[in-house]
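Have a look at the structure below, then the notes.
The values are calculated or read from the model by the stated rules, or taken from the named source; none is laboratory data. What you see is a predicted model, and the numbers here were worked out from it, not measured in a lab. All Cβ positions, even for glycine, are placed from backbone atoms using ideal geometry, and neighbour counts span all protein chains on display.
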There are 2 protein chains.
Amino acid sequence: MKASPAIAALILASSIAHADEGMWTYNNFPSDKVKQKYGFESTQQWLDHVRLSSLRLAQGCSASLVSPNGLVMTNHHCAHQCIEQLSNAQKDYVASGFFARTEKEEVKCPVLEANQLTQITDVTDRVRAALKGLEGKQYNDALKAEMSKIEKECATSDDVRCDVVSLYHNGIFNLYKYRRFQDVRLVFAPEFAIAFFGGDPDNFNFPRYDLDVSFLRIYEGDRPAKTEHYFKWSPEGARDGDLAFVSGNPGGTSRLNTVAQLEYQRDVALPANLLRLAELRGLLTDFADRGPEFKRISSPLLFGTENSLKGLFGRYQSLLDKAFFASKVAAEQAFRSKINLDPAKKRTYGSAWDAIAKAEVDLKNIRRPLVYLEQGAGFQSQLFSIAKTLVRTSEELPKPNEKRLREYADSAMPAVKQRLFSSAPIYDDLEIATLAFSLTKLREMLGPDDPAVRKVLGKDSPKEIATSLVKGTQLKDVKLRKALFEGGKKAVDASNDPMIQLARKIDPDARAIRKHYEDDIESVEKKNQELIAKANFEIYGTSNYPDATFTARVSYGQVKGWIENGKPVNPITTMAGAFERNTGREPFALPASWLAAKSKLNLGTPMNFCTDNDIIGGNSGSPMVNKNGEIIGLVFDGNIHSLGGEYGFDPALNRTVAVHSAALIEALGKIYGANRIIEELRSQQGSGGK
Amino acid sequence: MKASPAIAALILASSIAHADEGMWTYNNFPSDKVKQKYGFESTQQWLDHVRLSSLRLAQGCSASLVSPNGLVMTNHHCAHQCIEQLSNAQKDYVASGFFARTEKEEVKCPVLEANQLTQITDVTDRVRAALKGLEGKQYNDALKAEMSKIEKECATSDDVRCDVVSLYHNGIFNLYKYRRFQDVRLVFAPEFAIAFFGGDPDNFNFPRYDLDVSFLRIYEGDRPAKTEHYFKWSPEGARDGDLAFVSGNPGGTSRLNTVAQLEYQRDVALPANLLRLAELRGLLTDFADRGPEFKRISSPLLFGTENSLKGLFGRYQSLLDKAFFASKVAAEQAFRSKINLDPAKKRTYGSAWDAIAKAEVDLKNIRRPLVYLEQGAGFQSQLFSIAKTLVRTSEELPKPNEKRLREYADSAMPAVKQRLFSSAPIYDDLEIATLAFSLTKLREMLGPDDPAVRKVLGKDSPKEIATSLVKGTQLKDVKLRKALFEGGKKAVDASNDPMIQLARKIDPDARAIRKHYEDDIESVEKKNQELIAKANFEIYGTSNYPDATFTARVSYGQVKGWIENGKPVNPITTMAGAFERNTGREPFALPASWLAAKSKLNLGTPMNFCTDNDIIGGNSGSPMVNKNGEIIGLVFDGNIHSLGGEYGFDPALNRTVAVHSAALIEALGKIYGANRIIEELRSQQGSGGK
């Protein structure tokens, strides 16, 4: 990232007039700025329609409704896990692609959940009232309890999902009410080879030639859901210079973080995560190399690992950029100087940064046990996750809703149960490999003499323990999971399943370190970030956007290339380029379907394109729409410079990367014979540039 | 590393009176300081005897002569590669240990070379004269040419090895003349399980319970070499508080590096190396898990990878220590201020730091091609190394000695030939795995569109290429290597061996990036480091020690624990502790021989101990001797705080870790029945504390 020092200053300043920066909330969209720059007026009705036509996939992606019959468009990589879970050694839909020729052939994804944001309510005053005068553990407990309470009141049925969302780092609290869809079925997916053409080498790069799409359908009462709001299809698609909107759910940014928090990321968390992921990548690479079935069962995990590795490395590089980091330091100093000029503000806010800095030192000291014992790095296994969920629900569900760990609040339980009772296959070999790996790392990180490590390992080796646990547990049986869940604490305590026993044995240690983190560190961060947010409002006003929180946001921008090493990058590629880049070898091997259809294709069809919209991970699968609210593309990536977007937006370089709407139609029709989908999309086609 | 800001200042100051700091050259040992602190006078005769009783293992370790018949003591891990090369699927000496019951059973190691330092001559004036007035490429070329010339004049036969050594970053040039031994045979090695008891988890930690020893013997004319100088054996061994000397070859330190160079390490080189090693570690971990033979053939590489990973991580952490780094910055600023006070000095030296800083920026920009195309990271394969050596020797040897790449100068050729014609086994599976891995990284680091990458990969995948190269090459045949070497350029150019062809194809790119590095970056670093070294001498005098350069050094110190998290660490462990730590599972599994002998052992025998001697990687295998020049221990590691020793010495925490001489005798006798060795050691036993 080559941000000028001006960038970070802009982030804290009140006006971002010239850059298409910002992941704006739906209730604070800068329509005036858009009108001023692009001459287009985004009315409330327009915004509501876009919001209601957009979806969030609860597992971490975005999507859109593209027909009145519940047809959903998202990325292939957002449905990759589902496609893999529906596959087996005989029929590998990841490799071959999938197309349901009739509605009957549409198959349910084991663990997909789609959310449609129906309402946003400001609950800041209510949360503030509950927090008044509190600090430390009391502050944190009260905050979580009040959030769970509000969510429970709102979530009147399992079809309703309610999340209290903290915006501007506890500056504002909004209640997001969603319609929840848990019956999500797979309609179409191309071959992985074209969905992720170029693989890891081309990931986060542009020019690009990917058909990273899948179509799903949401069902209600075993029938396709009737969806009033959906996006029509643009006849032209994206053109250079077009105004473009992205509606999606950026996962998280740290643009308002303090310098101490950024230093913690740069010097502690990011290097540690990168090293763990790199080692896991090496392990999985060799695992996949053992044979085709090993490759098939490990490919989603390897894909996710490589994607995280590359993404986090980009963030890390941006924080190592001296000019960029200096700009962050300068902006914080300027802000603090302003605070300190006013004695009242200084008294109220002046110490917030130092308090956070101290919390970061504490966090550094407990990071390893926190991450390895509680946050999963020491027990990387689906079966262990299931066991832990059973142990925790047996402890938590008997408690009053607001006293529980947040992830077991009533409002969260539909998602917990969906995961817990999923019929998705679990593979012994992969489970043993990842569990042995993570237990080895647990020992490495905490040391062989750590009491928790001794409790887990005893005198056995990580590999022996992983093998006996995975071979010995019965938790692959969904019925047993249901019985243990319904039997509650008594059943779980009585279980002699070895994985349950391990989860029970380590739970006190995991809870203790989490409690320490939440009571003594997280509470300090939150309380003081809230102070900083308030000070920010007082000094700079409220005309800015909050950090991303995996909630609905709109960004605006235009189809636009950039200058790389002095050379302009054309913002639009064509299908011809995919054939030029084809080597016939993974990850640059076009699938047979493409090679066979080549002569039928219009090779001049736009394939991928880039825009200067401000997005981040979580935006994958977001619709890219024009001012008519018509689909012109499907967001699936950012360029390499977008990775620093975690900490700041560089308008000169940061680009969103999308599949062009025309490529989707061309491929669906001429390569996949998926006319059923085209008709469903086209029957709703927009009227074009009105 | 928790160094106080005072530490780095000390490094540049002229006196290190209170700390047992320093890796001293034999011709500048601070005998007066030792006498002042410990009351012992190290005479020239004493120093000469210690130097001549010490050995360097050219592959990267230290060792010592311990009998008049050429018996050599070093670490197991220094002979690990030899032990593995002498093993096969049927007889695995790494696992079982090795003991030659008679001289006849002593087996030649394929690629070990031992060097005895017989003479040190100052050649500074001669080198300076050759460099006078030169800069950039001319400076670098002249420096290398003059060094090669001096070495060639000195190396009158293959039994003589001569290296011009740059000390104090080109502040002083010394000619080191060695007696070279290439016939080195294996006499004894214990099982890997006890040599590296505790494995990676305990590596760089203390308390410790390792028998990290091997005995070798140097031969001349097919008979054990008669060695006038050798260390006697101390009857008592090391005791808490004893004065202790370490004579060995610390590989390299960066204590005199500029802040810009340290920043380059912290922000660029170390993270990149760590990530590559972590990924390789993961790959090799799974590779070893495929089966016992996979494990056997990959264990030395995994061992080396984990050792580097942990070592470099420690360095990285020391540079991330804010107080320590700030002390480096402050020391440099203080030094520069002194320079700038004197207009003449300012004119001569003032710009050296900025010139180096600029070179570091350039280095960052070319690091990837340099490391991946030229320095081996992109072609990790023994067969490729052989091919590259053949291609390069065919190009270099016809040139005049002083015009060649340094590693093909006449003085270096005996070592080159030993490696090239080694009969050590090469394993296809491992070769394919590491070559495919490194080709994949090459593509990742340079990008799939890089011309050199395209040249190497064409349309094939890294795995396909690695497989066809390893399966297709004939270079496992030592006779073919000899024929190609002797046939010179004509034979190499005519070869249709695919590995030779690859090495030939990529050589121009590799040479080009190396030339750029040497002409434009390395030369700037060297020239300006020389200026800084001169300024350092002018301001602080010459009573300091130079950075380590894998040449003979002596350090002094005492047997001494430290305070870890407020608790004292006892400096000596016992054999009983090894049995307490035994879990029966790798890497905490004592071998059967130990379990069987337990009742015979005196469990109170000291096992390992630590001292505050200043050492670093390369010192492995160094003798630890008392003031009588008697063996009291065998250096094999440092504690975790020693890893920051790359950049500075912290006397409070940095500790050397050694096997106790008593444990060696106890184990050789009662566990291994190696009385032949004990007699050879004991017949020369010292007279004790005179």
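A few points about this structure:
- Residue check for residue A:688: among the small types (Gly, Ala, Ser), under 25 Å from residue A:40 (Cα atoms), assigned to a loop (DSSP other than H, G, I, E, B) and at pLDDT below 95: yes
- Residue B:638 being without any contact (Cβ under 8 Å) to a residue 24 or more places away in the chain and surrounded by 17 or more Cβ atoms within 10 Å (Cβ to Cβ): no
- Matching residues, segment A:108-124, being surrounded by fewer than 22 Cβ atoms within 10 Å (Cβ to Cβ) and among the polar types (S, T, N, Q): A:118, A:119, A:121, A:124
- Test: residue B:452 is more than 10 Å from chain A (Cβ to nearest Cβ) and hydrophobic (A, V, I, L, M, F, W, C): yes
- Those strands (runs of 3 or more DSSP E) lying entirely in segment A:129-210 with at least 3 residues among the aliphatic types (A, V, I, L, M): A:160-167, A:184-189
- Of all residues making up segment B:275-287, the number that are in contact with a Phe, Trp or Tyr (Cβ under 7 Å, 6 or more places away or on another chain) and under 16 Å from residue A:429 (Cβ atoms): 2
- The test for being within 14 Å of chain B (Cβ to nearest Cβ), of a type in the set (Ser, Thr, Tyr) and within 30 Å of residue A:506 (Cβ to Cβ) does not hold for residue A:318.
- Selection status of residue B:88, closer than 28 Å to residue B:215 by Cα and either exposed (fewer than 15 other Cβ atoms within 10 Å of the Cβ) or touching a Pro at 6+ places or on another chain (Cβ under 8 Å) (or both): yes
- Test: residue in segment B:456-463 that is of a type in the set (Ser, Thr, Tyr), within 13 Å of chain A (Cβ to nearest Cβ), over 31 Å from the mean Cα position of the chain (by Cα) and crowded, with 20+ Cβ neighbours inside 10 Å: yes
- Residues in segment B:25-41 that are part of a loop (DSSP other than H, G, I, E, B) and surrounded by 18 or more Cβ atoms within 10 Å (Cβ to Cβ): B:29, B:30.
- Neighbours by Cβ (under 7 Å, 6+ apart or cross-chain): first from segment B:283-306, more than 19 Å from residue B:440 (Cβ to Cβ) and free of Cβ contacts under 8 Å to residues at least 24 places away in the same chain; second of a type in the set (Lys, Arg) and in a helix (DSSP H, G or I): B:288/B:295
- Residue list for segment A:474-492, restricted to those being exposed (fewer than 13 other Cβ atoms within 10 Å of the Cβ) and more than 12 Å from residue A:421 (Cβ to Cβ): A:490
Conditions (1) closer than 16 Å to residue B:225 by Cα; (2) within 25 Å of the chain's Cα centre (by Cα); (3) modelled with pLDDT under 95, marked per residue:
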| residue | (1), (2), (3) |
| --- | --- |
| B:93 | no, yes, no |
| B:100 | no, no, no |
| B:104 | yes, no, no |
| B:108 | yes, yes, no |
| B:126 | no, no, no |
| B:133 | no, no, yes |
| B:136 | no, no, yes |
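- If you go through segment A:615-632 and keep only what is at negative phi and touching a His at 6+ places or on another chain (Cβ under 7 Å), you end up with just A:620.
- Search result, residues across segment A:204-239 that are within 14 Å of chain B (Cβ to nearest Cβ) and surrounded by fewer than 21 Cβ atoms within 10 Å (Cβ to Cβ): A:204, A:205
- Residue in segment B:154-163 that is without any contact (Cβ under 8 Å) to a residue 40 or more places away in the chain, among the hydrophobic types (A, V, I, L, M, F, W, C) and either closer than 25 Å to residue B:70 by Cα or crowded, with 18+ Cβ neighbours inside 10 Å (or both) present: yes
- Among residues of segment A:416-449, those that are more than 10 Å from chain B (Cβ to nearest Cβ), crowded, with 19+ Cβ neighbours inside 10 Å and free of Cβ contacts under 8 Å to residues at least 60 places away in the same chain, counted: 2
- Consider segment B:211-226 and keep the residues that are out of contact with any Asp or Glu (no Cβ under 8 Å at 6 or more places or on another chain) and in a strand (DSSP E or B). The one that is farthest from residue B:677 (Cα to Cα) is B:223.
- Residue within segment A:671-681 that is under 30 Å from residue A:325 (Cα atoms) and at pLDDT 95 or above present: no
- Annotation: residue B:154 fulfils all but one of (1) closer than 13 Å to residue B:526 by Cα; (2) in contact with a Leu (Cβ under 7 Å, 6 or more places away or on another chain); the unmet one is (1).
- Matching residues in segment B:505-551 - criterion: being of a type in the set (Lys, Arg) and in contact with a His (Cβ under 9 Å, 6 or more places away or on another chain): B:526
- Of residues in segment A:246-278 being hydroxyl-bearing (Ser, Thr, Tyr) and in a loop (DSSP other than H, G, I, E, B), the one nearest to the other protein chains (Cβ to nearest Cβ): A:258
- A single member of A:296, A:290, A:281 is within 12 Å of chain B (Cβ to nearest Cβ), part of a helix (DSSP H, G or I) and among the charged types (D, E, K, R), and it is A:281.
- When segment A:467-493 is filtered for residues that are farther than 30 Å from residue A:413 by Cβ and small (Gly, Ala, Ser), only A:468 remains.
Residues are listed down the side, and each one gets a yes or a no for (1) among the basic types (Lys, Arg); (2) under 18 Å from residue A:636 (Cβ atoms); (3) more than 14 Å from every other protein chain (Cβ to nearest Cβ):
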residue: A:571; (1), (2), (3): no, yes, yes
residue: A:575; (1), (2), (3): no, yes, yes
residue: A:587; (1), (2), (3): no, yes, no
residue: A:601; (1), (2), (3): no, no, yes
